[in-house]
Amino acid sequence: MENKATVITFQDALSQLASFVTDTRCDLDSAYDWVCEMTGIYHICDDAGMWNQFFDAYYDAADWELINDVYESV
């Protein structure tokens, strides 16, 4: 028997994104990959509306203090 992952809607993924970002402290790229994997939509960046929704959700969820620390250390 084949094990197929359950795909969730784009809106469901965005609603769960804050928890994912908080739990994993992921960056934008990792968050994008997670949303793509959860939804089965691999071209979110090609749709301006979807990209804006994704970016807004990530921006609201991101730990900007941590992100600044990472970029300042490079």
* Across 5 Å bins from 0, what is the distribution of all Cα-Cα pair distances for the range 10-73, in whole percents? -> 3, 19, 31, 25, 12, 8, 2
* So what are the ³J(HN,Hα) numbers for the range 51-62, from phi and the Karplus equation (6.51, -1.76, 1.60; θ = phi - 60°), rounded to whole Hz, Gly and Pro as x? -> 4, 4, 5, 4, 4, 4, 5, 5, 4, 5, 8, 5
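Every number in this text was worked out from the coordinates using simple rules, so none of it is lab data. Remember, predicted model here, so these are calculated numbers, not experimental data.
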